[in-house]
Amino acid sequence: MNVLIVNLAGISTIAIIIGWFWLSKPKAQRVRKNVVDILVEGGTYTPPRIEVEVGKEITLRFLRKDASPCAEKVVFEQFGISADLPIDIPKEIVVTPTEAGEFSFTCQMQMYKGSLVAKTV
Ligand SMILES: [Cu+2]
């Protein structure tokens, strides 16, 4: 009898784990469907140019690999955003361009350079 109870507990634990992973993943993707990963390394943002649709929210996920202080901030001057980038930890910046144009993002000394290009479709 004890063996049966242990087995049932084991099976329901497995079911909870499977349910957690299988059911939670699609939900996470639905929330973050418009994400662009940007690598910060060797003096460049990769990709350096990101095209987006006007009025559409976009999440820019910066991953800084460069340990030099040069890369520690990313600044979106036109949007009034300045954010610290931790090393090896993705940092998400969410923006919604409200008009068409080219919006630059740089490190605080403007050695790293990238641009967000917003277009009306
Ligand atoms: Cu810099």
For the range 43-121, accessible area per residue (1.4 Å probe, heavy atoms of protein chains only), Å²: 54
Label-point separation, ASN34 to ALA83 (7 Å along Cα→Cβ), nm: 1.5
Stretch gain in nm, segment THR59-GLN110, where the contour uses 0.36 nm per residue and the Cα spacing is subtracted: 16.2 nm
Span per principal axis, largest first, for the Cα atoms of the range 76-116 (Å): 32, 21, 14
Compactness of the range 38-121 - radius of gyration and Dmax, Cα, Å: 12.2, 39
Mean projection area, nm², convex hull over Cα of the range 34-77: 3.4
Packing-based ranking, highest mean first, of 82-92, 49-59 given that Cβ atoms within 10 Å are counted: 49-59, 82-92
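The values are calculated or read from the model by the stated rules, or taken from the named source; none is laboratory data. This one's a predicted model, so the numbers in the text were calculated from it and none came from an experiment. Reconstructed Cβ throughout: ideal geometry from the backbone, glycine too, with neighbour counts over all protein chains shown. Side chains included, ligands, DNA and RNA excluded: accessible areas come from the protein's heavy atoms. Shrake-Rupley method; radii C 1.70, N 1.55, O 1.52, S 1.80 Å.
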